[in-house]
Amino acid sequence: MPVQKRRAIIIGGSMGGLFAALLLERIGWDTHVFERVTAELSGRGAGIVTHPELVETLALVGIHPGDDLGVPIEERRTLGIDGDVIGRYRCPQIATSWNHLFQMLRNAYPAERYHQGKELVRIEEHSGGVTAHFADGSSMEGDLLLGADGIRSAVRQQFLPDVRPVYAGYVAWRGLVEESALPQAALQDLFPYFAFCLPPGEQMLGYPVAGAGNDLRQGHRRYNFVWYRPADESDELRRLLTDERGHTHSGSIPPPLIAARSIGEMRSHGERVLAPPFRELLRVTEQPFLQPIYDLESPRMAFQRVALIGDAAFVARPHVGGGVAKAAHDGMALAQALSTEVDVESALNRFEAERLAIGRRIVDQARRLGSYMRTRFESLEERQLAERHQTPEAVMNETALLTFLHGADFGQAERVQATM
Ligand SMILES: Cc1cc2nc3c(=O)[nH]c(=O)nc-3n(C[C@H](O)[C@H](O)[C@H](O)COP(=O)(O)OP(=O)(O)OC[C@H]3O[C@@H](n4cnc5c(N)ncnc54)[C@H](O)[C@@H]3O)c2cc1C
């Protein structure tokens, strides 16, 4: 008689869920992915900076994008307010888009096991199994359930109802501009680079990504920017999340609903504090979007036959640029634990012991990198510590470099070849 495969129920069909599903399939599990959203996921997070670790994990699940991964970047640059280059750092990396990465994972996973429009509402654990109940009244039995359902995870809420995202005190304005729409100065001084501009207490950064349909041809690509700006929770954030009709959204606001006044203020502030090429970039950005920045730390990741992975467990501020790699590595650690331990609960405990420490470390590291963007400090010492991460050298050496995966620490500013 054939041995029945063990079944994993995966809640959340984004990056974390798909990586885990593909990795578990590889070790012989039967997997099913359940995604709440009915339409195909797309466009989230616009640009993603990749790392060799991410490419290795893609290869493990049979995805070999080669030159198709994204746009190669050779150098990081920081521009002063007058547009002068005040720092340079050679740092070859490939920037891709959320859509491209997602599509590669989605195409690699069997379509008949990816269930859209399925919202998890409740989990029941019982001896020998776990049952997922969905909003449409259906349910599924499995040997293991993974919560890959993001920052507001329903899985986490059932087991850790008091653990919630904590607002970091600043927001990110983001945007994506067609290469063909960029004025000359931006094309020349920004497009080839991972570029930064550092107004006091703020950070603007940008890098090139593929165009529509992963078009990597010159003239058809896009430039992606992220502009971090402080916004006090009780007044400024509330105002930014309030739409034209006076409705205040919780957590985030759909881009078309952002009030024209908020966008206008952001643009005119940019005219005062940003380097000229970034000002040009803002002027040609048709629909900026707004993302409040949060920290999230779960004290646990395993609950008998249920585990949390990716953003459901830990959300680090985007400065470390490692959310996707972290989610992928959670999946890898889980697959490794499940192939070592026969008993699911023991495997999940082993997984938790390994990944909790890494989750804490990445959140902590990202918090330090973003600490100078706060508006309030408890002490002068705290302010001085935060400001150490605000120099061009520190920003270029510490942003999106995944040192947390290898246990490296800070104080790497000497690596930078800044031309100050
Ligand atoms: C400004 C910014 C910039 C970033 N830049 C980078 C970068 O350069 N590099 C990088 O690696 N990362 C970056 N990230 C982080 C990255 O986007 C995330 O860490 C990563 O996508 C995590 O994926 P996830 O699958 O865990 O969660 P998510 O992508 O949030 O997916 C969760 C999924 O679960 C679904 N879901 C939720 N609830 C339910 C339910 N009850 N039932 C069923 N489905 C449900 C959701 O619809 C969603 O599709 C950035 C993030 C931000 C905010």
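The values are calculated or read from the model by the stated rules, or taken from the named source; none is laboratory data. Fair warning: this is a prediction, and the values are worked out from it, not measured in the lab. In this analysis, Cβ positions are derived from the backbone assuming ideal geometry, glycine residues included, and neighbour counts consider all displayed protein chains. Heavy atoms of the whole protein, side chains included, go into the accessibility calculation; ligands, DNA and RNA do not. Shrake-Rupley method; radii C 1.70, N 1.55, O 1.52, S 1.80 Å.
Observations, loosely collected:
- Residue that is open to solvent by 60 Å² or more (accessible area, probe 1.4 Å) and either outside any strand (DSSP E or B) or of a type outside the set (K, R) (or both), where the choices are I63, I48, I9, I81: I81
- Single match in R6, R26, R77 (criterion: away from the ligand (no atom under 16 Å from the Cβ) and closer than 30 Å to T391 by Cβ): R77
- Tallying residues that are crowded, with 22+ Cβ neighbours inside 10 Å and either β-branched (V, I, T) or closer than 19 Å to R300 by Cα (or both) within the stretch 366-389 yields 0.
- Residues of the stretch 282-318 classified as on the phi < 0 side of the Ramachandran plot, in contact with a helix residue (DSSP H, G or I) (Cβ under 6 Å, 6 or more places away or on another chain) and part of a helix (DSSP H, G or I), total: 2
- Looking only at residues of the stretch 125-165 that are in contact with a strand residue (DSSP E or B) (Cβ under 6 Å, 6 or more places away or on another chain) and β-branched (V, I, T), we find that the one that is surrounded by the fewest Cβ atoms within 10 Å (Cβ to Cβ) is T131.
- Residue in the stretch 129-171 that is nearest to L18 (Cα to Cα), counting only those that are touching a helix residue (DSSP H, G or I) at 6+ places or on another chain (Cβ under 7 Å) and near the ligand (Cβ under 9 Å from one of its atoms): A148
- Note on the stretch 160-174: residues that are touching an Asp or Glu at 6+ places or on another chain (Cβ under 8 Å) and either of a type in the set (A, V, I, L, M, F, W, C) or at positive phi (or both) amount to 4.
- Across the stretch 304-318, the qualifying residues are those that are more than 18 Å from A172 (Cβ to Cβ) and open to solvent by 10 Å² or more (accessible area, probe 1.4 Å), and the one among them that is nearest to the ligand (Cβ to nearest atom) is R305.
- When Y193, Y228, Y223 are checked against the criterion of being closer than 21 Å to D67 by Cα, within 15 Å of the ligand (Cβ to nearest atom), in contact with a Phe, Trp or Tyr (Cβ under 9 Å, 6 or more places away or on another chain) and not basic (K, R), Y223 stands alone in meeting it.
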